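Notes for the one structure printed next.
The values are calculated or read from the model by the stated rules, or taken from the named source; none is laboratory data. Keep in mind it's a predicted model, so treat the numbers as computed, not measured. Glycine gets a Cβ as well: all are built from the backbone with ideal geometry, and neighbour counts include every protein chain shown. Just so you know, the surface numbers come from the protein's heavy atoms only, side chains and all, with ligands and any DNA or RNA stripped out. Shrake-Rupley method; radii C 1.70, N 1.55, O 1.52, S 1.80 Å.
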Amino acid sequence: MSYARALRCRKCGQEYPLQPINLCDFCLSPLEVSYDYKAMARGLNREKLLEGPVSMWRYRDMLPVEGKEVDIGSGFTPLVKADNLGRELGLEQLYIKNDCVNPTYSFKDRPVSVAVTKALEFGFDTVACASTGNLAASVAAHAAKANMKAYVFVPANVEPGKLVGAAIYNPVLVTVDGSYDDVNRLCAALAERYDWGFINIGLRPYYAEGSKTLGYEVAEQLGWRAPDCAVAPAASGLCFTRIWKGLDELSMLGLIEPVDTHMYVCQAAGSSPIVNAFQAGTLHVHPVEPNTIVQSIAIGNPADGYYALRVARQSGGGACAVSDEEAIDGMKLLAQTEGIFAEAAGGVVVGALRKLAASGDIKRNELTVAFITGAGPRTQGIVEDIVRPFTVRPVLESVEEVLGVGA
Ligand SMILES: [Zn+2]
């Protein structure tokens with residue numbers, strides 16, 4: 001059973017029934033799922049959670065769903081002790097939450113699994129989304145599993161591998177001549193006109209909740225404790241806020257000790273409105289025109305930027321931007337130390353870790369979790385300079401001569 005009881009305005013507190021709506025009629029602020037935490041605390045304990053499936057759905061009772069879940073096997077991804085990368089950066093207790101290994105290769109499978117489950121519950125036969133690429137793939141895959149129709153809208157300049165990554169599931173794939181922010185505006189207009197379940201518009205309050213499982217899993221995988229520091233990338237900022245919410249809920253439910261995790265948000269310098277605001281000491285996010293190769297997080301007008309800022313500030317964390325070059329170096333370093341091929345957003349996380357460790361913001365002995373949210377192979381073009389093979393004839397002598405090995 002679900003403990004979700006209403007949608008609640010994050011600003012004025014007005015409550016609404018659990019319907020596919022995402023904005024408050026009174027103040028136009030985003031709505032969020034509100035739960036009966038007292039009942040949840042009575043109904044849940046660690047043992048019960050451990051009996052659940054080895055996927056994000058082991059936390060089903062903490063998610064706002066009633067119907068049978070649309071499950072392609074998302075979540076419960078590895079938490080890897082990153083000793084090699086940690087040695088390189090001067091961090092002794094560094095862990096990587098490797099969300100590259102989700103079914104469609106990014107963390108988006110978590111929120112989408114919840115949102116598509118809700119779409120079915122609400123009786124939609126069609127789902128849709130605005131995406132920088134990863135979300136499109138995840139929505140299309142979940143729609144395929146749920147026998148629903150999917151419309152996915154992406155900017156025309158999205159990487160070719162991301163188009164293939166969505167098209168393989170046979171959605172109606174639409175490229176839009178504009179930026180992600182243009183695509184988002186277009187989808188808001190479409191959502192008013194068509195009775196489609198827009199994953200990151202009308203279904204956004206439910207979609208948001210899926211990313212809490214990142215926080216839940218990390219705490220469970222650390223032996224039921226929150227990390228000292230967490231570093232995660234931000235596009236809209238939503239996932240960042242939900243990692244925090246996941247940890248916070250566990251402590252509220254008495255499943256872990258009170259949380260004192262410093263939350264660090266990172267962005268590419270060419271699209272860093274949240275980091276800019278943090279560094280300027282304001283909670284007001286000024287939109288920017290993205291100019292970065294880190295396209296998966298290139299959102300110039302982040303919908304949850306304000307809330308992400310609040311989490312970074314109130315948790316005693318921080319914000320960090322890295323250049324495209326630093327992001328690419330980070331991708332290579334992560335692959336070459338830990339064997340994880342992340343997309344450029346993962347490189348941003350590694351670049352930010354390097355800076356935060358060097359500046360002493362993150363101390364050498366603090367238990368730190370880096371969230372690597374998407375895999376690299378769909379955008380491998382940006383690191384193709386790495387390919388410098390030795391060329392030999394198919395005989396031993398040629399190998400020995402070219403590689404300089406042998407007797
Ligand atoms: Zn309101």
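Here are the numbers:
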item: Residues located in the range 27-80, provided they are within 26 Å of residue 304 (Cα to Cα), open to solvent by 40 Å² or more (accessible area, probe 1.4 Å) and not in a loop (DSSP other than H, G, I, E, B); result: 32, 37, 60
item: Inter-residue pairs, beta-carbon under 9 Å, first within 22 Å of residue 128 (Cα to Cα) and in the range 14-28, second within 12 Å of the ligand (Cβ to nearest atom) and polar (S, T, N, Q), 6+ apart; result: 23/29; 24/14
item: Residue check, residue 92 charged (D, E, K, R), more than 16 Å from the ligand (Cβ to nearest atom) and within 30 Å of residue 295 (Cβ to Cβ); result: no
item: Top-ranked residue of the range 1-50 - restricted to ones that are among the basic types (Lys, Arg) and near the ligand (Cβ under 8 Å from one of its atoms), ranked as nearest to residue 210 (Cα to Cα); result: 10
item: Qualifying position, being surrounded by fewer than 16 Cβ atoms within 10 Å (Cβ to Cβ) and within 27 Å of residue 75 (Cα to Cα), among 394, 377, 389; result: 377
item: Complete set of residues in the range 242-266 that are in contact with a Pro (Cβ under 7 Å, 6 or more places away or on another chain) and closer than 27 Å to residue 331 by Cβ; result: 261, 266
item: Residue in the range 138-156 that is without any contact (Cβ under 8 Å) to a residue 24 or more places away in the chain and of a type outside the set (A, V, I, L, M, F, W, C) present; result: yes
item: Unmet requirement for residue 28, which otherwise passes all of (1) within 16 Å of residue 217 (Cβ to Cβ); (2) modelled with pLDDT under 95; (3) aliphatic (A, V, I, L, M); result: (1)
item: Selection from the range 278-302 of residues that are touching a Pro at 6+ places or on another chain (Cβ under 7 Å) and without any contact (Cβ under 8 Å) to a residue 24 or more places away in the chain; result: 286, 288
item: When residues of the range 347-362 are limited to those that are of a type in the set (D, E, K, R) and in a helix (DSSP H, G or I), the one surrounded by the most Cβ atoms within 10 Å (Cβ to Cβ); result: 354
item: Test: residue in the range 194-208 that is of a type outside the set (Asp, Glu), surrounded by fewer than 14 Cβ atoms within 10 Å (Cβ to Cβ) and in contact with a strand residue (DSSP E or B) (Cβ under 9 Å, 6 or more places away or on another chain); result: yes
